[in-house]
């Protein structure tokens, strides 16, 4: 048992170390330049002093935000863990099992803290690297491209590997810690243990919600606020050093896109693993294996993913490095493709090695087997491999489709850019249509995954598909974190008033970063959808409905289905309005500063600097304040529904929320990404318009056409960075809350809720449970 | 039996007559003025000549479009009816029943033709009244308000009553025609007949799809095109007489909002009635009644609705007429409230009079009764009344909520208007958030309706709730058609360059019209959702799945659920892009005309008139061409799914499409409505902005703020008038296609489709069917 897991853990550690060394060497490289500048660098240009100054302001701002956010999160964790402990301890009408409650609460706390640490770590690395990336971009020619790209990409790698490694280790540690207490080699013990471990996923996801929502509001309040302020006050370009909101904007990129994304994907991993463990624990063959290899197969997928991703890292940074602008997207795509391919190759033998030759998943003892695929599923390692492979390839293809729709190398985004010719309105119309259109293939792929996973191995298969999609997580995260680092690097270059060529380089890196961010979001959404379905399956299994299925043709079911599908809209509306409100506060502050700080607007030499700290404080306060209502909505909906209307209503809410959120999330992310890149395409001077004499004139920065493009970008900001990605968490969090509190819901009127909603099925489940309890008491 | 129905029919005819007389009197009034102007009116002002000229151009344009559209529809009907006839005749593996096929195909044709007639009728009335409304608005003071409002409102009434009356009569006629052929007093006969009658709904809905999509593309291509052309070419105001696209714009209002809306609601009525009939035919008590009163109760609801609505018409036009601008919205709201109240009062005795004291709905003979609410539902007249009342009041409240979100008398729209202060981007962000937010309560209400209807009387109850919501259809349609007439009247006033006061009046009428249009859309969406669920219930009943329910926790089910929820996005993307393409063609044509017609742009006295006909042709051609792909998507999805993947996949597609489309439709309609009225609010000079000295300055027409508001309006146009309302039909049409082709789907591998997708439930259904067939053969 230990061999496999220790191998994984060792690999995780090893590759974290490798990544860390790379950074040190990297940091060494740049920090040499860096030290030269900081310490005794009187002979250096003042622009490099400026870089460090900006770098430090960003670091302080990021730290201040995380500190404030984590204080809130800590309080929330403390309070909510008590609730989790008490509620999950209630296993029947008036019956309590304190061990279950305690363990769940502890796992919940550990998950929350791990999520916080991974968010903090990623963000610090990102903040640490942005200035280094700017400096690296000052080199000329291919070397400059390579240095700046590698810096950003490796920093991403540190985040990717440390997060996945840590997540895996902690989970493994938890399982080992409790395995004796719960007698993991008995089915009952394994079920109980895995159900408690689900608290780990809940903890991770709860923090992820606050990270995503809070971070999303922070970053977009600052971004939209900075854009609008420049527009309202005077025609100040984005990232102009005089604009006091720019530092907050740069902090925001780290807060939202790095820390938020990290927590989000950590949550996905934790939840997918928990879902697979919960469903797997119902399989007698998997549990019976004393080495625990079979049961822990879900963790093996992730462990292999870490090793493969680590191997392919060298491909991008050393074997075929970025030498010119055209290489960037190509390298990132090859990276993703190769990782997926290698993962597919290693997964087949791994499945044979770790899984028993045949095992059973699904209901057996409870009867009524026709509902869920005969008498459950007889699964072979090959079936399991197919599920994982389906997830792997679906993720990869979704990534490429997302790239097709959001990169300005392809038709769709160029069309959106061209639509700016007739103004902002047509830009918006085309962008929205693009977002809707971009749902088609990803949704087909996701549903193909669901079909393959489900028909091979039931909900276990869906969970494996989700883990497969997350198999390339380390690579994806590296690609993903790369984006905001480049964005920041560009911002620093602009603020430090560096040469045009640096800015051009960081812009090109950033444009690729927008696309990769969209790819990352595609992955995050796809895996979130699969994870949610798997968790839903865990919930069904745990509440005893598995043998009966969830029939939507019931009054409470269809009604809750409609309401569930509405929740993502409600959530989106809340977060969008929050961004609007916070951005307005920011605009007012900027106006106030321009009005009160003498010489700032005019740029008189020697004028007082803008007060960045106040802007950072506004973003921080607003995001912490505004993240509460959406958080309450998402957390309370499944709990209240379960308590008041019962388990079947929860099923409806979950189903509705999943099918609705996945579409909204994809369309919002891609619309926003396309607008952003359409703007970049216009700025590159690639859009031409016919004038009255039929000549085609380039319309670049500063033209009416560019203004229309900027309008689209501003609208897209809250969509792609606040509400869109947060919708992942809406699905996942609701599903894991349902899973963790399943027994509690079942304890209220046999799962019929406070209103005791009529349900023949739940009456039947209650009879079955009573019979099972009586039978076990007899022995 | 005849008493009740003839009473209804008579009432329908009578009130159509009343409405027609009113129009004649009205027409008399204005046509006096009118004749004075047309014939020998050399002493009249030239502006009145101009009105008539414009009026005639609009009429010709509308007629030309409908002619072209109906030619296409006729061909489609002919071809598709053969398909319907052949496919529905196939009742088992290789078994055909030609009578069923024939009857369904005939009902389909009748439904299609009725829908076309009602669209044509409504449009001709609307076109007939717009100029009269303009003329009426030339009167000063309260009399002018009253005359212009009443003209528009009565014209709406003509549409409302003729459509509902005709729909009811034709349906009644069809039932009577076939009642002997099918032995309606036996359960088997009643089931067969009602299933054939469902073809009527299918016909109506198919034409409605083309009407809505084609009309929607037409109207918005013209509208957006006209707006953009003015912007691109020169700063020409909307509806400027020099702009050659304005006539097409005005034609479009009639084509899309009147003919399209009419067909849509006709379809809803026809389908809701068919759903209620199909489910009702499975109740032995309802069928056994020789007077057919019980079976035809669904028609009684509509009949009473016509009479009540007719009574309340006098309220608005005579008892408390519109005297000033502030009255308009109030009068329209009172109208709706009073109709709902009266309907509630008359429905309770009607239910007792027509329904048997107790009857049974739902599965009984097929066993496994625990799945669908015990052994079905034992329904009393009071239960039926509760279902209808739930629908009635939910509709009314949804109407008011919609008004709250879209009228500029309330906070939400004013907030959107104020958000224009910081530019188009914040306007769009706030508008989108408003749309998402406005889903919350309507969805709660709809799901409450589903819950009440379903728990009282199963799918019969849901169908009754839908009919209840459509009970005030005549009033709603009147209110609804009123809007585009006012819009047109305003357009005519502008083009004829009438006095400012006329334009002010028509603008105020039109602003109320935007709100009422949103109310109408709220109704249309709510009822479409209920209708779709009821049709889905009919499909389930017909395919024998009723006793087993639809369990989403199956591979094919969840996969198709996700795909189904994506269809509305795909559809929206298609229609939005179509509008974009058609609008661009229009812009090019306008630019071309300004460049080639000398003196047009400069407005030189005596310049050649713009070529309106070419613009009309562009809109017509574009809309006919562009409506085909979305139409194919919607029609082919359920058919192909059913044939290839089987019945359970169809269930998934329907469920997904319903839950997703209802949210999208509500948010799109309300977002668009709010943007339109926010623009009007800005134009009224109600939005103030603080200048640098802290003074609050009005920002009206022509300012940057107004431009931002116009941008929102343009984005909203395709959302609120093309894709949003067409989504209703996406839900309904898919559901009724499933219902009509249910037996055909079941004939392909026992409903498991060409791929023979594994399904224990469908195997069980096949065994039950075989047993039932064997049992009936034995007797």
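Of the set (1) assigned to a helix (DSSP H, G or I); (2) away from every other protein chain (no Cβ under 14 Å); (3) closer than 28 Å to residue B:199 by Cβ; (4) touching a residue at least 24 places away in the same chain (Cβ under 8 Å), all apply to residue B:681 but (3). Mind checking which residues of segment B:735-779 are touching a strand residue (DSSP E or B) at 6+ places or on another chain (Cβ under 9 Å), farther than 27 Å from residue B:197 by Cα and surrounded by fewer than 19 Cβ atoms within 10 Å (Cβ to Cβ)? Result: no residue meets the conditions. Taking (1) part of a helix (DSSP H, G or I); (2) free of Cβ contacts under 8 Å to residues at least 40 places away in the same chain; (3) within 13 Å of chain A (Cβ to nearest Cβ) in turn, residue B:773 satisfies each apart from (3).
Taking the condition surrounded by fewer than 23 Cβ atoms within 10 Å (Cβ to Cβ) and either at pLDDT 85 or above or over 25 Å from residue B:720 (Cβ atoms) (or both), does residue B:355 pass? Here the answer is no, as residue B:355 does not meet what is asked. Residue count for segment A:582-594, restricted to those that are modelled with pLDDT under 85 and facing chain B (nearest Cβ under 8 Å): 2. The residues in segment A:388-422 that are surrounded by fewer than 24 Cβ atoms within 10 Å (Cβ to Cβ), farther than 30 Å from residue A:301 by Cβ and within 14 Å of another protein chain (Cβ to nearest Cβ) can be counted, and the count is 5. So residue A:655 passes all but one of these: (1) touching a residue at least 24 places away in the same chain (Cβ under 8 Å); (2) facing chain B (nearest Cβ under 10 Å); (3) surrounded by fewer than 17 Cβ atoms within 10 Å (Cβ to Cβ). Which condition number does it fail? So residue A:655 meets the others, but not (3). Here residue B:292 clears all of (1) outside any helix (DSSP H, G or I); (2) more than 19 Å from residue B:200 (Cβ to Cβ); (3) at pLDDT below 85 except the condition numbered (2). Within segment B:440-461, the set of residues being within 30 Å of residue B:675 (Cα to Cα) and buried (at least 24 other Cβ atoms within 10 Å of the Cβ) comprises B:442, B:443, B:446, B:447, B:449.
Confirm whether residue A:468 is within 9 Å of another protein chain (Cβ to nearest Cβ), crowded, with 24+ Cβ neighbours inside 10 Å and either closer than 27 Å to residue A:512 by Cβ or at pLDDT below 95 (or both). Here the answer is no, as residue A:468 does not meet what is asked.
Scanning segment B:611-652 for residues that are within 14 Å of chain A (Cβ to nearest Cβ), in a loop (DSSP other than H, G, I, E, B) and under 30 Å from residue B:595 (Cα atoms) returns no hits. Exactly one residue out of A:346, A:331, A:308, A:287 is closer than 30 Å to residue A:739 by Cα, in a helix (DSSP H, G or I), in contact with a helix residue (DSSP H, G or I) (Cβ under 6 Å, 6 or more places away or on another chain) and at pLDDT 80 or above, and it is A:287.
When we screen A:177, A:193, A:228, A:209 for residues that are touching a residue at least 40 places away in the same chain (Cβ under 8 Å) and surrounded by fewer than 24 Cβ atoms within 10 Å (Cβ to Cβ), the only hit is A:228.
Look at (1) within 14 Å of chain B (Cβ to nearest Cβ); (2) assigned to a helix (DSSP H, G or I); (3) at pLDDT below 85 and you find that residue A:718 fails only one, number (3).
Scan segment A:682-700 for residues that are touching a strand residue (DSSP E or B) at 6+ places or on another chain (Cβ under 7 Å) and over 12 Å from residue A:420 (Cα atoms) and the total you get is 6.
Consider residue A:632 carefully, then state whether it is surrounded by fewer than 24 Cβ atoms within 10 Å (Cβ to Cβ) and within 20 Å of the chain's Cα centre (by Cα). Give the derivation first.
Working: surrounded by fewer than 24 Cβ atoms within 10 Å (Cβ to Cβ): yes; within 20 Å of the chain's Cα centre (by Cα): yes.
Yes.
Regarding segment B:512-533, can at least one residue be identified that is within 14 Å of chain A (Cβ to nearest Cβ), part of a loop (DSSP other than H, G, I, E, B) and touching a helix residue (DSSP H, G or I) at 6+ places or on another chain (Cβ under 8 Å)? Checked against the condition, which is being within 14 Å of chain A (Cβ to nearest Cβ), part of a loop (DSSP other than H, G, I, E, B) and touching a helix residue (DSSP H, G or I) at 6+ places or on another chain (Cβ under 8 Å), segment B:512-533 yields no hits at all. The listed residues are B:736, B:729, and the only one of them that is more than 13 Å from every other protein chain (Cβ to nearest Cβ), at pLDDT below 90, within 27 Å of the chain's Cα centre (by Cα) and part of a helix (DSSP H, G or I) turns out to be B:729.
All told, residue B:549 meets the bar of being within 14 Å of chain A (Cβ to nearest Cβ), buried (at least 24 other Cβ atoms within 10 Å of the Cβ) and outside any helix (DSSP H, G or I). Being within 22 Å of residue B:407 (Cβ to Cβ), more than 14 Å from chain A (Cβ to nearest Cβ) and either assigned to a helix (DSSP H, G or I) or free of Cβ contacts under 8 Å to residues at least 60 places away in the same chain (or both) holds for only one residue in B:702, B:673, and it is B:673. Here segment B:560-576 is the region considered, the condition is being under 21 Å from the mean Cα position of the chain (by Cα) and more than 7 Å from chain A (Cβ to nearest Cβ), and the residue that is farthest from residue B:215 (Cα to Cα) is B:567.
Pick from A:116, A:102: which is surrounded by 24 or more Cβ atoms within 10 Å (Cβ to Cβ), touching a helix residue (DSSP H, G or I) at 6+ places or on another chain (Cβ under 7 Å) and in a helix (DSSP H, G or I)? So that I can check it myself, show each step before the final result.
Values: A:102 fails: surrounded by 24 or more Cβ atoms within 10 Å (Cβ to Cβ).
On inspection, the qualifying residue turns out to be A:116.
Just checking, which of B:579, B:481 is more than 14 Å from every other protein chain (Cβ to nearest Cβ), under 30 Å from residue B:55 (Cβ atoms) and crowded, with 24+ Cβ neighbours inside 10 Å?
From the options B:579, B:481, the qualifying one is B:481.
Could you tell me whether residue A:83 is within 30 Å of residue A:476 (Cα to Cα), out of contact with any strand residue (DSSP E or B) (no Cβ under 7 Å at 6 or more places or on another chain) and assigned to a helix (DSSP H, G or I)? Spelling it out, it is not the case that residue A:83 is within 30 Å of residue A:476 (Cα to Cα), out of contact with any strand residue (DSSP E or B) (no Cβ under 7 Å at 6 or more places or on another chain) and assigned to a helix (DSSP H, G or I).
Whether any residue in segment A:21-41 is modelled with pLDDT of 80 or more and under 30 Å from residue A:209 (Cα atoms) is what I want to check. For segment A:21-41, residues modelled with pLDDT of 80 or more and under 30 Å from residue A:209 (Cα atoms): absent.
The values are calculated or read from the model by the stated rules, or taken from the named source; none is laboratory data. Just so it is clear, the model here is predicted, and its values are computed rather than measured. Note that we place each Cβ from the backbone using ideal geometry, even for glycine, and neighbour counts take in every protein chain shown.
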